[in-house]
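Let me begin by presenting the structure, written as C-alpha cells, before commenting on it.
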C-alpha cells in the first residue's frame, strides 16, 4: 500500500495555480536573500575601495623613522603591504593657497595611493632627480614645460617635532610625466608630486632623510595592540602614529582614536539596518506563502476532515502540508540561488554600464565590469545561509496553516461549515457608489486575508523607503568632506580684504552664504611687538594670535557653546582659547603657556574671561597652526585692538543653480581690485568625492530596484491568489446580473484600498526606519525630516501594482462562462 504522503504530489497537481504561486514566492525569497547577501558584500567592497582611493590603501603610518626603524617594519611578519615614503620638500603654488608636496615612494608605497599616481602623459619617475607633476600644479606654477624638460623648484623641508630649523634648497628635476589632477588634497591645501628613488638622498642632509612607513596588519582584531607593540619596539612616539581613519572605519577595525572620527560610527546601526531590511522582505514573502496556503487549506478543509475521520492523526496532516511546501522549496530554492547569483552581478553591471566610467574612478567600462566581477565572488557560506533563511521563513509561514488543518474537527470539516457566520444589525443608508461599497464589504468579510495582504504590501513599502535613506551610510568620503565648509576660500595674507569688498561679494546673486575669518599672528620673540597691551606672557618660541570668526564658523569651531557663553562672547566679556600643542626637545619636555576655562586675560584695557577651549585652531590659507596661544574675540574688540576691520579669509558658498564659470570670472576681476587677494575652489574636490560615492550609490540603487521588483511580484502573487480563489463567487455575481464593467470596478477598488491602506502604514514604518538610519549617521536617536518623495513614490508604485495585479486575472475571469465559473475552483 502506498504511503499517505503520496497525497502530497496529487494535491500539488490538483492545485496548479496555488502551487505555482507558492513556487514563485519561494523563488523570489531565495533570489532576495541571495541578492541582499551578495550585493551588501559588493557594496562593502566598493566602499572599502572608495576609502582607499580617498586616503590611501593603508591602515596606519609611522612617521619620522630612520632607515633602520623602517627596515624592521618590513621584516615584521605581522605586517603586509609595507611601503616607505620620504618627504622631499614643499613649495607654494603661485598665488594660490595650495602647496606642492614632493615625495619619494619606495617598494609598493605608490600603489597604496591610487588617486595621485595616474599618469596622463609620459611615465612615472624612476631615477634620482626625475619628477612627475600633477597637471594643475604645472598651471599654478606658471610653467611652460613638456616631457623631458628641466624643472627648477625652490623647496623647503622641516621635521615634525621642530627640533631642526627649516631646510631650504633649490632643486633641478627632469620632468618624466604629467599626472591627472587630484582635487582631494585641496581640503588640506596640498597637491602631491612624485620623484624618483634616490632623489632625497641627493638633495637632503642626512638628518632630514626621514621615512614615513605605511602598513597593514594581518590580524585585524588585534590591530591596535600590534601598533602599540611596534611603537614600543621601535621607540616611536604616539604623535608620530597616523591612523587612516577613513579606511579603518570603512572596514570596521577598532582603534583608540576612533572616537575622534564619526565616519564609521554608523556601521553597528548599518548592520542592524541590513538585518531589518532582510527580515522585512522575508516577512513579506512569508506572508504571501501563509496567505496562499491558508486559502488552499480552507478550500480543502473537507478533504482534511475526511482524512481525520478515517484515522488520520494531527502529525500526519502536519506532514502532508509541510511536505507540499518542502517539495516546492526543493524546486524553487535552487532556481532562486542561480537567478540570484546571476542577477547580483548582472543587474549591477547593467545598471552601471550606461554611465561614464570616470565617475567610478576607472578608465573604461571594461575596468568597471572587472571591478564589479572581482567584488562579486560567490561565497558558499552566504549561499548556504540564504537557503537556510529562506527555508526557515517558508516553514514558519506554513506552520499556522498546517496547524489549522490538523486541529479542525472532522465532523465540522466534513459538514462544510467550518466557520459560523455572524451578522450584525445595520442601519439602512444610501449607497452612493456600489462598487467601492462592495469592495469595502469584501475587505471586511475576510479580515484575516485583508490584513495579511496589506502587511505584505507594507513590508515592501517600508523596505523601499528605508533603503533610499540607507545609501548615505555607505559613503566613506563623508568624513573627508567634513574638513571644509564652503565652495571657495578667498584669502589675503598681507593687506587683508576690506569690509566693503566683502559686502560686494556677499551681494553677488550667485552667492548663497558667506563666512569670514580675521586672524593676526605675532611672534614676540622675533621682535614682532603687539599693538596693544596684555597681561598674558607667552614663551619666546610661541606665537600670540588674535582671531575673530562669524556666527557660522563659531558653530563649527565651538559647537557645544551654551547660549550664555555665546552672549558673553558677543558682549565682549568672554573669549575662546586654543592652547599651544605640547612638544619635547629630545627627551626634555618644553614649557608652554596654558589657559583654563575661568581664567581671565587683559587685552588693551579690557578683561575677558576664558569661556571655552577649542580643539581645532583657526587658520587661513591652509597653513596650519603656528604653535602658540590663539584667542578668539568678537568683531568689535578685534577691530579696535588692531585698528583694522579687514578680513583675512572669506568662504563663499554658491547657490545650487549658480553658473560657476561666470562666477569665477567675476571673482577674478574682483580679486584684481584688491592686491594680494587670491581664491581657491573646493568645488572640484567636492565633485571628485561625490563621484567617488556615485559608484556605491548606483550599486545601492540597483539593489533597491531589484528588491522593489521582488516586492511588486509578491503583491501580484497575493492579490492574484485572493481573486483566483473567488472564481465561483464571481460566477454567482455574474449570474445575478453584475456586468463585467461593474465586476472590474469592484475588484479594482479593492486593489486600490489595499494600496492606500498599505501606503499609510508603510509610510509610518518607513519613517521609523529612516530615524534609525539617521541615528547610524549621527549616533543620535532623533526625529528627522519626513522623506515625502520616497513615500509618495512608494505609494504610487504600490497602488499601481495593486491595480495591475487585480486587472490581469480579471481580464480572463470576465471572459469565462458563468456556469463554468460557478463550478470551477481552480
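A short reminder: the numbers here are calculations on the coordinates, not readings from a lab. A quick note: this is a predicted structure, and the numbers were derived from the prediction, not measured. Note that we place each Cβ from the backbone using ideal geometry, even for glycine, and neighbour counts take in every protein chain shown.
If you consider only alpha-carbon coordinates, what radius of gyration and Dmax does segment 57-243 have, in Å?
When restricted to Cα atoms, segment 57-243 yields Rg and Dmax of 16.8, 51 Å.
Between residue 738 and residue 655, what is the spin-label point distance in nm, taking each point 7 Å from the Cα along the Cα→C-beta axis?
Those two pseudo-labels are separated by 5.8 nm.
Where in segment 89-124 does the label zone of residue 623 land, with the point 7 angstrom along Cα→C-beta and an amide N cut-off under 16 Å?
The answer is 91-100, whose backbone nitrogens lie closer than 16 Å to the label point.
I'd like the Kirkwood hydrodynamic radius of segment 488-681, using the inverse of the mean 1/r over distinct C-alpha pairs, in Å. Can you show the working numbers first?
Details: mean 1/r = 0.0558 Å⁻¹.
17.9 Å is the Kirkwood radius here.
Calculate, for residue 144 and residue 668, the FRET efficiency according to 1/(1 + (r/R0)^6) with r their C-beta to C-beta distance and R0 30 Å; round to the nearest 0.05. Write down the numbers at each step before the final one.
Numbers: r = 21 Å, r/R0 = 0.69.
The value I calculate is 0.90.
Using a Förster distance of 45 Å, how high is the FRET efficiency between residue 495 and residue 599, based on the Cβ-Cβ distance and rounded to 0.05? Could you put the intermediate results ahead of the total?
Numbers: r = 34 Å, r/R0 = 0.75.
After rounding to 0.05, the efficiency reads 0.85.
Apply 1/(1 + (r/R0)^6) to the Cβ-Cβ distance of residue 168 and residue 380, taking R0 = 56 Å, and write down the FRET efficiency to the nearest 0.05.
Values: r = 60 Å, r/R0 = 1.08.
With R0 = 56 Å, the Cβ-Cβ based efficiency is 0.40.
With the crude spin-label approximation of a point 7 Å out along Cα→Cβ, what separation in nm comes out for residue 529 versus residue 151?
4.5
Hey, can you rank 549-558, 796-805 by average C-beta count inside 10 Å, highest first? The partial results should precede the final answer.
Values: 549-558: 16.9, 796-805: 19.7.
Highest-to-lowest ranking by the protection proxy: 796-805, 549-558.
Any idea what diffusion coefficient segment 54-135 gets from Stokes-Einstein, in µm²/s, Kirkwood Rh on alpha carbon pairs, 20 °C, 1.002 mPa s? Let's see the in-between values first.
Working: Rh = 14.6 Å.
Stokes-Einstein gives a translational diffusion coefficient of 147 µm²/s.
Just subtract the alpha-carbon distance of residue 222 and residue 431 from 0.36 nm times their residue separation and send over the number in nm, one decimal. Don't jump to the answer; show the numbers that get you there.
Details: separation 209, 0.36 × 209 = 75.24 nm, distance 7.27 nm.
Separation in residues times 0.36 nm, less the Cα-Cα distance, equals 68.0 nm.
Taking the Cα of residue 120, stepping 7 Å toward and past its beta carbon, and measuring to each backbone N in segment 187-221: which are under 19 Å?
From segment 187-221, the list is 187, 189-195.
Per-residue counts of other Cβ atoms within 10 Å, averaged by peptide: what ranking do you get for 234-241, 245-252, highest first? Please list the in-between numbers first.
Values: 234-241: 14.6, 245-252: 22.8.
With the highest mean Cβ count within 10 Å placed first, the list reads 245-252, 234-241.
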